[in-house]
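*Asks:* There's a structure below that I have some questions on.
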Amino acid sequence: MYGFAWADGKGHLRIVPKTAARDSRVTYTLKSLPKAKELHLDYTRAAYGRVTVACDLKETEGRVAVDAKGLGRTKCKPAHLADQLGRGPVAVRVEHAGGKATRVNEILVGDWGTPRTARGTIKRVNDTTVLFATGGKTIKLGYTYTTAFHRTTARCGDGWLTGRPVNADKNGLGKKQCAWTDLTKALKGVKYPVLVKVDYTPGVNSLNEVWEVFGDA
C-alpha cells in the first residue's frame, strides 16, 4: 500500500492507505481511498529503501536514488526510518503482513496538497497527534517541530486560556508565537476538546499551525 507514514510510538508507524499513480518517472500522486482505515505497523525488522543517495541525508539534495518503479533504492535500516519519521510524515510504499511492515520504500510525491484553514475543536491523542472536529467530521492530524502555535496567553508555557487574553487579536485568536512542544504541554492540561483555528494539509493530515481561541469549547 501507499500513503503518508507517521511515527506512532517507538518502532511503529501509522498510515492511511491511498491510491497511487506515477505522474513522472520519479514522482507519484497520492489520492484518498474511500473507506480506507488507518493501519498501525511495527517496522523494527523492515527493509527500508530511501530516495536519497545516502541513508543519513535529510533531503535528496538534487540527487535521487529510485528504481524502475520509482521506489527508493538506497538500502537503509529501521533506525534511519525512525529518524525520518521524527521529522514528520514520510511518503512511502509499504509491504506488510500480520501487523508488521516487511519492506518500506520512500517515494517522491509531486503534490503534497493545498493547506486549508478552518475553525473547530482539537483533542489530544498523544504528544504528536490531535483529533480535529469541524463541520460534522473528525480528522486525525499529526504535528511536528515545524508546527506553529499561536497563543492568547501571556506566556508560551501557560495552561490553555490561562489568565487574561493579553495576546488575543480582535477576533480572539492567539498572536503570541510559540512552539509545538508548548502545544503538547497545553493540551495535556485539558480534558475536553478546545476551540481553535488551524491550518492543515488534507491527505497528508498534517497540522501546520494552531491558533488558540479565546472562548469556551
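The values are calculated or read from the model by the stated rules, or taken from the named source; none is laboratory data. If you're wondering where the values come from, they're calculated on a predicted model, not measured in any experiment. Here Cβ is always computed from backbone atoms with ideal geometry, including for glycine, and neighbour counts include all displayed protein chains. Note: areas computed on protein heavy atoms with side chains; ligands, DNA, RNA excluded. Shrake-Rupley method; radii C 1.70, N 1.55, O 1.52, S 1.80 Å.
*Asks:* Report yes if G11 is touching a residue at least 12 places away in the same chain (Cβ under 8 Å), within 19 Å of E95 (Cα to Cα) and either open to solvent by 40 Å² or more (accessible area, probe 1.4 Å) or out of contact with any Phe, Trp or Tyr (no Cβ under 7 Å at 6 or more places or on another chain) (or both), otherwise no.
*Replies:* Values: touching a residue at least 12 places away in the same chain (Cβ under 8 Å): yes; within 19 Å of E95 (Cα to Cα): yes; either open to solvent by 40 Å² or more (accessible area, probe 1.4 Å) or out of contact with any Phe, Trp or Tyr (no Cβ under 7 Å at 6 or more places or on another chain) (or both): no.
It is false that G11 is touching a residue at least 12 places away in the same chain (Cβ under 8 Å), within 19 Å of E95 (Cα to Cα) and either open to solvent by 40 Å² or more (accessible area, probe 1.4 Å) or out of contact with any Phe, Trp or Tyr (no Cβ under 7 Å at 6 or more places or on another chain) (or both).
*Asks:* Those residues that are surrounded by 18 or more Cβ atoms within 10 Å (Cβ to Cβ) and out of contact with any Asp or Glu (no Cβ under 8 Å at 6 or more places or on another chain), I need them from region 143-167; list them, please.
*Replies:* Hits for region 143-167 are Y143, D158, P165, N167.
*Asks:* May I pose another question? Only one residue in D56, D83 is in contact (Cβ under 8 Å) with a residue 12 or more places away in the chain and not in a loop (DSSP other than H, G, I, E, B). Which one?
*Replies:* D83
*Asks:* Among the candidates K58, K31, which residue alone is surrounded by fewer than 16 Cβ atoms within 10 Å (Cβ to Cβ) and touching a helix residue (DSSP H, G or I) at 6+ places or on another chain (Cβ under 9 Å)?
*Replies:* Working: K31 fails: touching a helix residue (DSSP H, G or I) at 6+ places or on another chain (Cβ under 9 Å).
Only one candidate passes the filter, namely K58.
*Asks:* Pick from region 94-142 the residues that are outside any strand (DSSP E or B) and among the small types (G, A, S): which of them is surrounded by the most Cβ atoms within 10 Å (Cβ to Cβ)?
*Replies:* Among those that are outside any strand (DSSP E or B) and among the small types (G, A, S), it is G113.
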